[in-house]
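Report on the structure given below.
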Amino acid sequence: MQVIKIEDLYKTFKTYKRKKGFIGSIQTLFTKEYITVNAVDGVSFGIDQGEIVGYVGPNGAGKSTTIKMLTGILYPTSGVIEVCGLVPTKDRKRNLMHIGVVFGQRTQLWWDLPLIESFELLKHIYRVPEKIYRDNIALFAELLDIDEFIHTPVRLLSLGQRMRGDIAASLLHNPDILYLDEPTIGLDVVVKERIRQFIKDINIERKTTVILTTHDLLDIEALCNRIMIIDHGKVIYDGSIDEIRRRFGTESTLLIDFKEPPDELEVDGALEIQLEGIRASIKFDRKRFTASDLISEIAGKYPVLDLTIEDISLDGIIRDVYEEGKLDESIS
Amino acid sequence: MRAYLEICKKSFQERMAYRGELLIRFVGIFMSFYLLYMFWKALYANSTDVQGISFHSMITYTIMSAIMGGIINIFGILNVYLAYWMSSRVRTGEIVMDMMKPTDFQLYLFSHSFGRLLFNVIVSVPIFILAVFIFKIYLPDSLGVLALFVVSLSMSYLLTFLIDFMVSLVSFWTTQNQGVGGFTRLIIALLSGAFIPLWFFPEWARNVLSYFPFASIYHVPLSIYIGKIKSIEGFRAISLQLIWIGALYAGSRLLWLKSRRKLMTHGG
């Protein structure tokens with residue numbers, strides 16, 4: 001069942017063009033030069049119930065803007081959004097009742113009050129039945145250890161504790177959809193792992209649909225089966241992680257240690273060669289050559305001591321995608 | 001409705017978190033009372049009665065005005081007004097977290113504000129009692145007058161909330177609203193009778209001003225308190241307050257519907 005439907009979504013911001021420096025800022029007062037920014041530029045996609053979708057892209061790509069439109073806070077410039085059959089800006093309250101949102105850089109918790117007070121308030125705002133509320137608090141205590149700091153004022157919590165608090169807060173009313181905007185930003189590996197496991201558990205147990213934006217691709221690898229890459233407001237990839245690996249992760253690196261440093265290294269089929277002393281790293285395209293081709297070629301010419309093959313990481317693939325716009329060509 | 005009550009409670013608790021700072025404020029508040037006292041004492045040096053108002057009525061008026069300012073949060077001694085809060089929330093994008101609640105945004109903010117009001121009222125009680133002893137401000141003539149004053153003060157609060165709310169919404173259009181906010185507070189300070197009672201204005205100005213919403217904020221409740229506006233006249237003034245509340249409420253809803261669409265939050 002499709003819970004989110006987006007068709008041809010656009011969001012345009014209009015801002016002043018600001019000139020540089022002191023004189024420039026005075027000029028800005030008198031001229032009205034607008035620049036329009038297409039934060040979201042013709043996006044379409046659908047998401048099924050129970051999916052965990054990674055929504056990734058460089059800073060300013062339009063990820064948060066999309067999420068804000070899905071929550072009904074921002075009005076789309078044009079296009080269709082439906083969340084569980086509701087139009088978020090028209091049925092703002094009803095839509096908000098069955099979604100949960102975490103913005104990693106912000107908090108919905110009451111800064112000066114103990115964590116539990118925020119939970120109590122949310123219970124009333126979302127009209128959560130007492131039984132469900134208690135069960136959830138118990139569950140979050142078990143999975144996120146929030147009971148350790150539930151009576152501490154939020155301003156005294158560490159970032160990891162606060163984030164766990166925020167994630168718990170967003171799930172108190174058993175939402176159908178959970179939007180997580182950089183939920184692991186600035187956290188240590190242990191807390192990150194904890195949060196990933198928790199999201200996974202919730203997704204399996206409750207069939208909660210999760211949309212996750214992050215810059216940490218380990219989050220994506222651990223959680224998502226589907227990834228959407230957005231850049232300059234356009235979705236440039238939408239598919240499985242395996243698929244993206246297969247299509248774009250074809251670059252491998254062969255690391256070779258020689259018995260003695262060769263003066264010069266020439267390998268047919270290498271994309272890039274780096275030689276440092278006795279160690280060489282050779283990049284090649286697995287689609288065109290196999291590692292054994294390369295190895296036999298090199299071993300024939302030079303005395304080899306040791307070798308390893310490294311696959312490119314998902315991180316590396318996505319970085320290539322951002323930098324080179326590899327996907328642009330493959331789509332058009 | 002329960003949700004709004006809870007927001008109100010939390011907002012009250014939040015204010016309590018910083019009660020330690022109150023003592024310092026108290027000192028500042030009484031210093032400002034003393035200045036007001038000296039100011040009017042100098043003006044009243046050669047007469048016991050100006051425009052039919054005795055020195056003591058005048059002191060009562062002016063100190064009650066300062067206490068009121070602290071209660072209704074427009075400016076003055078306790079000073080956390082909505083417009084300022086909102087402007088910083090919009091600038092940092094934090095406003096998103098407030099709008100993402102399945103509540104009516106205006107009522108949500110009102111509940112916040114009302115929690116602060118309750119806190120302010122409680123804090124104002126000892127200030128009031130001390131002022132009665134130190135500056136000899138007097139109590140209302142009768143329980144009826146007191147009741148009328150409380151009703152009128154409640155109206156003042158609603159009026160300031162609505163004005164403050166509309167000023168807040170300016171930040172949806174321009175990000176900053178400090179300019180508009182400062183201007184509004186200045187206008188209120190001058191034309192509401194907060195510092196200079198309206199009876200010191202020329203007659204034509206007084207007549208015009210008494211129909212403005214600003215006069216409804218300070219002039220009406222304070223005049224009721226010191227007994228300058230009595231019975232029927234008091235009810236008439238309160239009716240005018242009510243009319244303004246209705247009008248500003250309608251205006252604020254309209255502005256809110258327009259402003260919602262204007263929100264721009266980049267990043268985060």
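Cross-link candidates for B:LYS230: which aspartates and glutamates have Cα within less than 17 Å, leaving aside residues fewer than 8 places away along the same chain? List returned: B:ASP141.
Treat the count of other C-beta atoms within 10 Å as a stand-in for reagent exposure and order A:LEU109, B:LEU118, B:LEU109 from fewest to most.
B:LEU118, B:LEU109, A:LEU109
Relative contact order for chain B: 24 percent, from Cα pairs under 8 Å spaced at least 6 residues apart, divided by residue count.
Ranking of A:ASP112, B:ASP49 by neighbouring Cβ atoms within 10 Å, starting from the fewest: B:ASP49, A:ASP112. Looking at chain B, the pairs of alpha carbons with a distance over 25 Å make up 48% of the total. In the protein assembly as shown, taking the dipole from charged Cβ atoms about the Cα centre, the farthest positive-side position among B:TYR81, A:THR250, A:PRO303 is held by B:TYR81.
How well do other chains shield peptide A:73-84, expressed as the mean number of their Cβ atoms within 10 Å of each residue Cβ?
2
Just want to confirm a number: the relative contact order over region A:250-311, from Cα pairs under 8 angstrom separated by 6+ residues, in percent.
50 percent
Note on region A:2-245: antiparallel DSSP beta bridges, both residues inside, total approximately 60 percent of the bridges counted.
Projected onto the charge dipole of region B:8-110 (+1 at Lys/Arg Cβ, -1 at Asp/Glu Cβ, origin at the Cα centre), which of B:GLN106, B:ILE59, B:GLN13 gives the Cα projection farthest towards the positive end? So the residue we want is B:GLN13. Sorted fewest first by neighbouring Cβ atoms within 10 angstrom, A:CYS224, B:CYS8 come out as B:CYS8, A:CYS224. Global dimensions of region A:1-112 from alpha-carbon coordinates: Rg and Dmax equal 17.6, 57 Å. The calculated 222 nm mean residue ellipticity attributable to helices in the protein assembly as shown amounts to -17000 deg cm²/dmol, summing -39500 (n - 2.57) over DSSP H runs of n ≥ 4 and dividing by all residues. Helix B:143-174 and the longest principal axis of the C-alpha atoms of chain B enclose an angle of approximately 40°.
Separation of the alpha carbons by more than 31 angstrom is noted, of A:LYS200/B:LYS9; A:LYS14/A:LYS192; A:LYS63/A:LYS283; A:LYS11/A:LYS123; A:LYS14/A:LYS93; A:LYS14/A:LYS200, for A:LYS200/B:LYS9; A:LYS14/A:LYS192; A:LYS63/A:LYS283; A:LYS11/A:LYS123; A:LYS14/A:LYS200. Taken about its Cα centre, region A:2-245 carries a charge dipole of about 1200 debye when Lys and Arg each add +1 at the Cβ and Asp and Glu each add -1 at the Cβ. With respect to chain A, whose longest principal axis is taken over its alpha-carbon atoms, helix A:291-301 is tilted by about 30°. Computed from Cα atoms, the angle from the helix A:130-144 axis to the main principal axis of chain A rounds to 30 degrees. Its residue count N fixes a reference of 2.2 N^0.38 Å for the protein assembly as shown, and the Cα radius of gyration divided by that reference is 1.28. Considering only B:LEU159, A:GLN108, A:PHE289, and ranking their Cα positions along the charge dipole of the protein assembly as shown that arises from unit charges at the beta-carbon of Lys, Arg, Asp and Glu, the one farthest toward the positive end is B:LEU159. Decide, for region B:176-253, between rounded, prolate and oblate: order the square roots of the alpha carbon gyration tensor eigenvalues as a ≥ b ≥ c, take rounded if a/c falls under 1.5, and otherwise choose prolate if a/b is larger than b/c, else oblate. Oblate, since a/c reaches 1.5 and b/c is not below a/b. Charge dipole (Cα centre; +1 on Lys/Arg Cβ, -1 on Asp/Glu Cβ; no other charges) of chain B amounts to roughly 540 debye.
Only four residue types carry charge here, +1 at the Cβ of Lys and Arg and -1 at the Cβ of Asp and Glu. Report the dipole size of the protein assembly as shown about the Cα centre in Debye, rounded to the nearest 20.
Working: 64 positive and 64 negative charges, 812 e Å.
Roughly 3900 debye, rounded to the nearest 20.
Computed from the coordinates by the stated procedures, all read-outs in this text should not be read as laboratory data. Just so you know, these numbers come straight off a predicted model, no measurement behind them. Cβ atoms come from the backbone with ideal geometry, glycine included; neighbour counts cover every protein chain shown.
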